[in-house]
1. Out of region 187-221, which residues are without any contact (Cβ under 8 Å) to a residue 60 or more places away in the chain, buried (at least 21 other Cβ atoms within 10 Å of the Cβ) and under 30 Å from ALA316 (Cβ atoms)?
2. Only helices (runs of 4 or more DSSP H) wholly contained in region 262-345 count here; list those with 2 or more residues that are among the hydroxyl-bearing types (Ser, Thr, Tyr) and at pLDDT 95 or above.
3. Identify the residue in region 65-100 that is touching a helix residue (DSSP H, G or I) at 6+ places or on another chain (Cβ under 6 Å), of a type in the set (Val, Ile, Thr) and closer than 18 Å to ASP153 by Cβ and, among all such residues, is surrounded by the most Cβ atoms within 10 Å (Cβ to Cβ).
4. Among the numbered criteria (1) assigned to a helix (DSSP H, G or I); (2) under 30 Å from GLY208 (Cα atoms); (3) of a type outside the set (S, T, N, Q); (4) open to solvent by 20 Å² or more (accessible area, probe 1.4 Å), which single criterion is violated by PRO386?
5. Pairs needed: first member in region 222-234, surrounded by fewer than 20 Cβ atoms within 10 Å (Cβ to Cβ); second member anywhere, at pLDDT 95 or above and not hydrophobic (A, V, I, L, M, F, W, C); C-beta distance under 7 Å; at least 6 residues apart or different chains.
6. Looking at LEU311, is it of a type in the set (A, V, I, L, M) and touching a residue at least 40 places away in the same chain (Cβ under 8 Å)?
7. Take GLY451 and tell me if it is outside any helix (DSSP H, G or I), touching a Leu at 6+ places or on another chain (Cβ under 8 Å) and open to solvent by less than 10 Å² (accessible area, probe 1.4 Å).
8. Look at ALA395 and say whether it is open to solvent by less than 40 Å² (accessible area, probe 1.4 Å) and without any contact (Cβ under 8 Å) to a residue 60 or more places away in the chain.
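The values are calculated or read from the model by the stated rules, or taken from the named source; none is laboratory data. If you're wondering where the values come from, they're calculated on a predicted model, not measured in any experiment. Quick reminder, even Gly has a Cβ in these numbers, built from the backbone with ideal geometry, and neighbours come from all protein chains shown. For the accessible areas, the whole protein counts, side chains as well, though only heavy atoms, and no ligand, DNA or RNA atoms are used. Shrake-Rupley method; radii C 1.70, N 1.55, O 1.52, S 1.80 Å.
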Amino acid sequence: MTRAPVTAPVVRRRGGTVTAYTAPAVKTLSSSDRHLVRRFSWGLNPALAADVLRAGGARKWFEQQLAHGSVSDPSGVSVDGWFPTILQTPEKIFTNQRDEVQGSWEVAQDLSRWTTSRRIHSRRQVHEVMTDFWSNLLNVSLFHDDAVFWRMDYDRTIRARALTSFDSLLRATITHPAMGLYLDNAFSTKAAPNENLGRELLELHTVGVGNYTEDDVKASARMLTGYRVDLWWPEFKAYYSPTDHHVGPLRVMGFRHANSAADGRAATSAYLSYLANHPQTAQRLARRLCVKFVSDTPSSAIVSAVAKAYLANKTAIKPTLRAMVAHPDFDNAPLGKVRMPIEDYVASVRALEIRLQKPTTDRSFARALYWHSAQAGQAPFEWPAPNGYPEVSAAWASAGRVLTSFGQHQDLACRWWPIDQASFPSEGSLLPPMPATLQQLIDHLALRMLGQRPGTHISQGIAHLLGMSLWRRLTREDVDGRRDYWLLRRIQTSLLDSPIHMHR
């Protein structure tokens, strides 16, 4: 006997009641301006487009962003006070956990929430993007059992140097207690050198595989001895231990140093500076920058141009980025990069112009967003291995990842979850002059959310989903929720699901 299929009723749950505000007018950018801003921001929206237009175009905006300290950022600064736990000293975070006052994982989650909130709201978008890039290159996994106590300080270390020089950044991060604990250098001594950090420094952080030998790895590990971190015994502290530092001549690739002092910090600094300024490091970093911001398969021409600028400017980051943006290849690949899940999530919140407020409960948007990013598989800083999250499109183009993002688009556009301590644009302020055709409505919403009209195929797809013609005349009552709650949500969700939004 066969059983007749049972069709479950479609449950259409309206979103919750939200705090609404009047959205600003739509601002549009040229295609080349959109391209640069998409690559160097966490998502284009009318507020960012207005900033670009005020600057006189994307190139001038980019220059302003490189001097990030001079960019007024009240919305970003307001976020800074939302998660005071991340401002605690490493020792305080440790003692709170030891005394069962607060778990370090709770502070780590707050760092993730604060980071995502800043990416959503800060006007210093290039600084936020570059902080993420360097954090991924010099990855220290957020929930590492020992490094977690120092992870918040490590984040401040990278943020302070994200637009300075790689030489400065490398010396500060490799000798940082968080890195030492994560890659075992904190317990490495001249009597028992641990090669983990010495190897990853060469393999992942600087010159790359094929440019060093096993003898170089051993010498690299010996040079890094002396940077110690104690947690439980005899007391919580980070310090330099001359008695644990290997003394004597060392050679790593072309670097030679007498290393005759018990205090090896000067020798280590010279070693790290050598690696930062090495031509192979320049090539490797240039390629990684181009993979992140230009194409999964950048040409040798742009990689060489970026590497040349990097070396000519003694590893300074700003002229290196300028060389990449100025190269003709930069403009040749619009929408050529798949957005990573966290990029998609932040860009979706920005496209929907959701304004977060100071969280007061675990249901507050700024706190609940952690679970969204974790569900997507890319909460900030949680990649467990030292090589960081993959930055090529193929790593983030699986059916599972895409469907997860689609579900989150629906959560946000339908105002299902999270919605507490956040304000949303009023429906009426999102609409074009009404009545309007469906095509006019789609175009108007797409200009707000994507910065451009969606084109024929996406428009026809939305019309098919809605079961109506693109030339159907719609009134305000049809769209603003009084007659049909879902029409506007379906268009917004479909635009977020579109290839234009899923790429940057």
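1. Answer for region 187-221, where residues must be without any contact (Cβ under 8 Å) to a residue 60 or more places away in the chain, buried (at least 21 other Cβ atoms within 10 Å of the Cβ) and under 30 Å from ALA316 (Cβ atoms): LEU197, GLY198, TYR212, ALA219, SER220, ALA221.
2. Numbers: elements: 265-276, 279-293, 300-312, 317-326.
In region 262-345, 265-276, 300-312 are the helices (runs of 4 or more DSSP H) which contain 2 or more residues that are among the hydroxyl-bearing types (Ser, Thr, Tyr) and at pLDDT 95 or above.
3. Residue satisfying both the conditions and the ranking: ILE93.
4. Here PRO386 clears every test but (1).
5. Listed pairs, sorted by first residue: ASP230/LYS237; LEU231/ASP146.
6. Values: of a type in the set (A, V, I, L, M): yes; touching a residue at least 40 places away in the same chain (Cβ under 8 Å): no.
It is false that LEU311 is of a type in the set (A, V, I, L, M) and touching a residue at least 40 places away in the same chain (Cβ under 8 Å).
7. Working: outside any helix (DSSP H, G or I): yes; touching a Leu at 6+ places or on another chain (Cβ under 8 Å): yes; open to solvent by less than 10 Å² (accessible area, probe 1.4 Å): yes.
So GLY451 passes the test.
8. Values: open to solvent by less than 40 Å² (accessible area, probe 1.4 Å): no; without any contact (Cβ under 8 Å) to a residue 60 or more places away in the chain: yes.
When the stated conditions are applied, ALA395 does not pass them.
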